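Rule-based calculations on the coordinates, nothing more; no lab input. As the structure is a prediction and not an experimental result, all values here were calculated from the model. Positions of Cβ are backbone-derived with ideal geometry, glycine not excepted, and every protein chain shown enters the neighbour counts.
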Amino acid sequence: MSRLLKDKAAEKSMMALTACVGLLLFLMVAALLYKSWPILASKPLADLVLGRSWSPLRGCFGFLPFIMGTLWVTGVSIIIAVPVCLLASIFLSEYSPAWLKDLARPPIDLLAGIPSVVYGVWGVIVVVPFIKNHVGPLFKSSTTGYCVLAGGVVLAIMIFPVIIHISLEVLAAVKFEVREVSLALGATRWQTVKHAVLRKALPGIIAAVMLGLSRAFGETMAVLMVTGNVARLPRSVLEPAYALPALIANNYGEMLSIPLYDSALLLASLILLLVTLVFNIISQGILARLERRVA
Amino acid sequence: MDRRRLEEKFFQGLMVISSLAIFASLVLILADILVKGVPAMSWAMLTQVPRGGFYQGKAGGVLNAIVGSAALGCGASALAFFFSLPVVLYLNVYLKPRSRFSVFIRFSLDVLWGIPSIVYGAFGFTVMLFFGLRASLLGGIIAVSLLVFPIMSRAMDEVVKMVPSELLETSYSLGTTRLEAALKVVLRQALPGILTAALIAFGRGIGDAASVIFTAGFSDYISFSLFRPVATLPLAIFYQLGTPYPEVQDRAYASSLILTMLIVLISVLARLLTRRYKSFVVK
Amino acid sequence: MSFKSHIVVKDLEVFYGGTQALKKVNAVVPEKKITVIIGPSGCGKTTLLKSFNRLIDLAEDVRFSGEILVDGKNILAPEVELTAIRKKMGLLSQKPTPLPMSIYDNVAYGPRIHGIKKRKELDKIVEYHLKEVGLWEEVESRLDEPASRLSVGQQQRLCLARGLAVEPEIILGDEPTSALDPLSSKRIEEKFLVLKDKYTIVIVTHILRQARRLADYVIFLYFGEVIEHGPAEQIFENPRQELTREYIKGIIS
């Protein structure tokens with residue numbers, strides 16, 4: 001009898017733990033909301049989101065430079081990463097022999113495993129000087145190299161693995177017959193990919209890109225180290241920017257000494273959480289629906 | 001006809017260039033870390049803690065960070081494991097495969113997986129404030145375990161899902177309870193995979209800086225106390241790079257090398273374990 | 001029966017890795033007639049069919065030797081243009097596979113691939129070929145709907161229309177009715193009988209009754225080897241080989 005009791009007890013406790021998992025997201029949003037309440041209550045939302053000046057000592061908390069900074073850097077990284085990843089995924093999935101595709105997986109996993117500080121270090125020793133010495137003069141700019149472009153390039157490499165991994169899965173899920181039918185009608189392989197395969201795989205690829213975007217949006221250390229961290233709206237990719245995650249990471253130290261500062265930074269965290277939540281929910285939703293259709 | 005061929009050739013060329021670019025970036029990064037890190041590497045780096053003036057170029061090493069990261073990583077992985085294992089077993093043994101609850105939980109885990117580490121750090125920070133904790137090993141453990149929990153759970157779930165249902169059925173037909181089946185059959189069958197999942201999560205945990213930056217603090221000393229600040233490799237690298245002294249910046253490269261090597265080692269180990277795992281699965 | 005050969009197969013051998021799928025196959029396919037390839041399952045019928053449109057090229061680790069002459073030209077030669085051969089051949093697969101697009105776009109896919117862009121031209125082609133397979137009345141009001149919404153039988157007819165839209169000379173059918181209900185099967189078979197006036201048709205089937213109904217010419221393939229080939233009456237009434245006789249009698253399944 002005690003065996004059954006043990007089973008029941010285990011079931012109840014496991015269920016409780018599992019329920020906690022379900023609550024975790026809500027808990028996180030609630031906690032961050034609670035902590036950001038002071039600043040949300042004392043300043044109109046429009047001032048916070050559209051305000052351009054960031055001067056905590058004077059009580060100015062305009063988040064616009066950071067929102068724009070993040071958007072610029074994320075935008076550049078997506079512009080670089082999407083074509084490269086898409087083309088590489090198509091190549092590995094549709095053109096290369098099976099052994100090459102298998103050989104390609106470990107390097108991609110390795111790229112995914114490199115910590116973001118190391119990406120940051122690499123960015124500082126390679127990308128920043130390169131932009132300063134070679135790209136800047138090309139555009140007649142006196143950039144220090146610490147700019148949006150540096151962040152975009154490093155971020156792009158960091159999100160390669162996410163986008164490629166999911167794109168490959170999505171492409172593999174397209175049934176072989178679709179390709180066979182198209183080729184049997186006399187299409188070239190590229191036409192088959194362009195008009196038949198990609199059509200079927202499109203929702204999944206969009207999901208992959210959204211997950212990559214979400215990852216780029218929230219990336220902290222690497223961006224912190226190479227974008228210059230100047231709280232101004234960037235006017236070109238060669239100008240420095242200050243990303244939202246970098247703002248939080250850089251200033252946690254002074255957080256508790258200036259009124260409303262901690263609340264502001266936690267509001268920034270909340271914004272990050274909500275944005276990435278939206279992207280993740282949509283893309284995971286797409287992927288879940290695709291899985292169900294295959295099964 | 002010719003236009004089609006041209007278009008195909010053009011895009012094939014672009015595809016090859018893109019694929020090469022991706023692998024080139026990997027090679028470039030690893031090579032640069034090696035090239036810059038090896039000259040700055042020394043026995044002292046690995047075996048000493050920072051001496052006075054370390055950040056101005058004087059003697060010392062990053063042993064504090066190595067030990068700190070190891071302690072933090074183990075603590076966080078253990079805490080996450082404590083939650084992951086029961087949740088995954090519950091999902092796979094107690095719940096029906098397509099029950100609403102399990103779909104919801106798995107979806108939550110997938111969404112949690114994508115949340116930036118700095119958000120986990122911020123949330124961890126609010127938890128710490130709530131309990132009156134200060135920047136410490138325990139704070140870091142809380143934040144990092146939150147971060148790695150979805151990673152570990154997902155990986156573990158993939159592995160446990162693969163245990164054939166016939167195995168469970170056989171166990172039930174012999175009269176075992178679900179708990180006994182979970183512990184004696186599923187756990188045993190999936191153990192290598194479960195350990196691999198823990199390993200993967202560990203690797204992810206020690207490499208992250210954003211979650212520890214305001215929860216673990218930093219220290220130049222080795223300490224195992226839960227309530228004292230602790231050094232971590234990622235933050236050590238960050239601080240070293242931030243100084244204006246080139247000798248210290250060189251040390252950042254060496255520290256990066258140490259961290260990268262550690263992570264490569266862990267992923268190789270995880271891969272080897274999965275391969276061994278495949279040979280033990282009951283068919 | 002006198003005929004002109006559309007396809008001549010000479011000493012064809014096909015290997016998948018270490019296994020030999022076709023062993024020194026020699027056969028002919030007469031023009032504008034229905035040729036049926038019969039034989040037990042897994043003995044190379046589909047391989048032979050897919051050699052005609054070079055779809056076997058898609059398999060991993062495949063090698064082939066010998067010649068397949070279509071209108072006198074060897075299509076196995078390395079310099080040959082694959083897309084041109086495939087345009088000549090229309091393939092109807094066993095499982096209806098509509099492309100992930102609308103009914104209209106499915107039929108228009110082939111012509112678009114080969115360069116026809118004008119909407120008016122495509123409209124005409126789509127209508128003509130949907131009428132050819134007897135699907136036009138059923139779908140004319142919903143051409144923009146996804147093809148996947150059609151019933152299985154309708155999908156197969158759609159695939160036939162799609163294949164015809166590229167104006168092939170030869171239609172290849174890989175067990176084209178085995179996934180269909182009896183009524184839809186009957187419709188497809190009737191279509192073939194009408195289409196043979198314009199096209200050369202080669203069908204693979206393991207249903208002997210179907211072969212009897214449709215065939216003008218028969219190739220009997222047994223584990224990769226051609227045992228016998230000839231006009232249908234001869235094969236069915238008076239086979240020359242013992243094996244053929246046994247198979248026809250239904251002893252070997």
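Amide H contacts for residue C:203 (H built 1.01 Å from N in the peptide plane; partners 5 or more residues away or on another chain; cut-off under 5 Å): C:35, C:36, C:37, C:173. Computed with the Debye formula from one identical point scatterer per Cα of chain C, without solvent, the log10 of I(q)/I(0) at q = 0.12, 0.13 Å⁻¹ comes to -0.70, -0.82.
Shown in residue order for region A:113-123 are the 3J(HN,Hα) couplings computed by the Karplus curve 6.51 cos²θ - 1.76 cosθ + 1.60 at θ = phi - 60°: x, 5, x, 5, 4, 5, 4, x, 4, 4, x Hz (x for Gly and Pro). The value for chain A of Rg(Cα) / (2.2 N^0.38 Å) is 1.21. Taking the longest Cα principal axis of chain C as reference, the axis of helix C:119-132 is set at about 50 degrees. Helices in the protein assembly as shown, meaning DSSP H runs of at least 4 residues, each add -39500 (n - 2.57). Divided by all residues, the mean residue ellipticity at 222 nm is -19500 deg cm²/dmol. The ranking of A:164, C:7 from fewest to most other beta carbons within 10 Å of each one's beta carbon is C:7, A:164. In terms of its C-alpha gyration tensor, chain B comes out oblate, because a/c is 1.5 or above while a/b does not outweigh b/c.
The charge dipole of region C:28-171, taken about the Cα centre with unit charges on the Cβ atoms of Lys, Arg (+1) and Asp, Glu (-1), comes to about 40 debye, rounded to the nearest 20.
About the centre of its Cα atoms, chain B shows a dipole size close to 580 debye [charges on the beta carbon of Lys, Arg (+1) and Asp, Glu (-1) only; nearest 20 debye].
Per-residue shielding of A:82-93, expressed as the average number of other chain Cβ atoms within 10 Å of the residue Cβ, stands at 5. When each of B:101, B:131 is scored by the number of other beta-carbon atoms lying within 10 Å, the sequence from fewest to most is B:131, B:101. For the residues of B:23-32, the average number of beta carbons from a partner chain within 10 Å of their own beta carbon is 5. Legend: distances between Cα atoms for B:9/C:50; C:131/C:196; A:175/C:117; C:33/C:198; C:196/C:249; C:4/C:33; pairs beyond 18 Å are B:9/C:50; A:175/C:117; C:196/C:249. Mean partner shielding of peptide A:279-288, defined as the number of other chain Cβ atoms within 10 Å of each residue Cβ, is 3. If you sort the three axes of the alpha carbon gyration tensor as a ≥ b ≥ c, you get a/c of 1.5 or more for the protein assembly as shown and a/b above b/c, which makes it prolate.
When the inverse distances between all different Cα atoms of region A:2-45 are averaged and flipped, the Kirkwood radius reads 13.1 angstrom.
On a 0 to 90 degree scale, rounded to 10, what angle separates helix B:187-207 from the longest Cα axis of chain B? Approximately 30 degrees, to the nearest 10.
The order of A:257, B:219, going from fewest to most other C-beta atoms within 10 Å of their C-beta, is A:257, B:219.
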